[in-house]
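Novice: The structure's right below; bear with me while I get my questions together.
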Amino acid sequence: MAKKAPSKKIWITGAGTGIGRSLALQFAEAGHQVLITGRNSSNLVSVAHHFPDAITAFSWDVTDDGSCAVMGEVIDQHLGGLDIAILNAGHCEYVEQGKVTGDLFRRVYDVNVFGMVNSITVALPRLKQSAALSGRNGHIVGIASLSAVIGFPRAEAYGSSKAAVNYLLESLRLDLSNESIDVTVVNPGFVETPMIGNNDFPMPFLMSSDKAAKKIITGIDARKLKVQFPKRLYIILSLAALFPSLWYRANRKVLEKK
């Protein structure tokens with residue numbers, strides 16, 4: 001009989017809805033201990049209700065620099081260690097008609113970039129401590145986006161913030177290579193979450209959050225450096241990045257028709 005893998009202690013940010021919610025439920029069902037955080041306490045409580053013995057909910061805003069120490073204490077109290085930190089909190093706003101404003105960029109970057117930095121600040125010492133005690137590598141998993149591959153219309157703020165997350169995590173991976181910490185970057189395509197609710201443009205290869213979570217968990221289990229899906233969309237965007245003039249002309253024609 002195959003030996004069952006030991007239960008892991010997992011922290012997931014932005015877990016009240018969407019991908020974070022699906023990840024929490026799937027990890028809990030598999031027997032892991034999960035701490036979920038986000039800004040909407042009622043959403044978090046609703047998720048935890050499905051597995052009250054496995055999921056603990058705590059309301060925390062990743063943009064609140066001053067509460068990072070408190071968040072660390074919550075992890076210590078409720079998990080007693082940390083094996084995997086899945087940094088999933090995200091925010092999306094679109095630039096309209098090329099009107100770039102600092103306020104919009106700050107709102108997006110506060111969550112997607114500086115919220116990621118705050119979360120890493122909280123998670124990293126605890127991952128190192130748990131790795132030293134268990135002999136197993138800790139794991140930072142950052143949820144970014146395929147929008148980082150090449151520029152999308154109106155996505156100046158969102159796409160550039162996710163490109164920053166890719167660079168941040170890839171650099172961090174190098175600096176942690178001797179620290180028993182693995183780093184995985186996840187770049188999903190279009191996933192059915194509340195974040196895309198107001199999108200008024202085609203979303204090719206749209207998938208459910210449950211299916212996206214399964215792909216992410218498979219990548220986490222394999223300790224992949226990058227998890228990028230759906231594969232067809234990733235290939236299309238990668239080719240577009242190789243031939244940016246074609247991508248530019250194609251999108252300009254679409255925008256001219258509107």
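Novice: Would you confirm, using the coordinates I've provided, whether Lys231 is within 29 Å of Leu104 (Cα to Cα) and charged (D, E, K, R)?
Specialist: Details: within 29 Å of Leu104 (Cα to Cα): no; charged (D, E, K, R): yes.
The answer is no for Lys231.
Novice: While we're looking at this one, here's another question. Of the residues in the stretch 32-56, how many are open to solvent by 40 Å² or more (accessible area, probe 1.4 Å) and over 12 Å from Ala89 (Cβ atoms)?
Specialist: Qualifying residue count for the region: 12.
Novice: Please report, ordered by residue number, the helices (runs of 4 or more DSSP H) entirely within the stretch 29-137 with at least 1 residues that are in contact with a Cys (Cβ under 6 Å, 6 or more places away or on another chain). Outline the logic, then answer.
Specialist: On the way: elements: 41-50, 68-78, 102-109, 115-134.
In the stretch 29-137, 115-134 are the helices (runs of 4 or more DSSP H) which contain 1 or more residues that are in contact with a Cys (Cβ under 6 Å, 6 or more places away or on another chain).
Novice: Being farther than 14 Å from Val34 by Cα and surrounded by fewer than 15 Cβ atoms within 10 Å (Cβ to Cβ) is the filter here; which residues of the stretch 60-88 pass it?
Specialist: Asp64, Asp65, Gly66, Ala69, Val70, Glu73
Novice: Same structure, new question: Taking Glu192 as the residue in question, decide whether it is more than 27 Å from Gly38 (Cα to Cα), in contact with a helix residue (DSSP H, G or I) (Cβ under 9 Å, 6 or more places away or on another chain) and among the acidic types (Asp, Glu). Full working, then the answer.
Specialist: Values: more than 27 Å from Gly38 (Cα to Cα): no; in contact with a helix residue (DSSP H, G or I) (Cβ under 9 Å, 6 or more places away or on another chain): yes; among the acidic types (Asp, Glu): yes.
No, not satisfied.
Novice: Right, here's the next one. Which ones in the stretch 1-28 are in a strand (DSSP E or B) and open to solvent by 50 Å² or more (accessible area, probe 1.4 Å)?
Specialist: Residues of the stretch 1-28 in a strand (DSSP E or B): 9-12.
If the condition is that a residue be in a strand (DSSP E or B) and open to solvent by 50 Å² or more (accessible area, probe 1.4 Å), then Lys9 is the only one that fits.
The values are calculated or read from the model by the stated rules, or taken from the named source; none is laboratory data. Just so we're clear, the structure is a prediction, and the values are computed from it rather than from any experiment. Please note: Cβ atoms are built from the backbone with ideal geometry, for glycine as well, and neighbour counts cover all protein chains shown. Quick note on the areas: whole protein, heavy atoms, side chains included, nothing else; ligands and nucleic acids left out. Shrake-Rupley method; radii C 1.70, N 1.55, O 1.52, S 1.80 Å.
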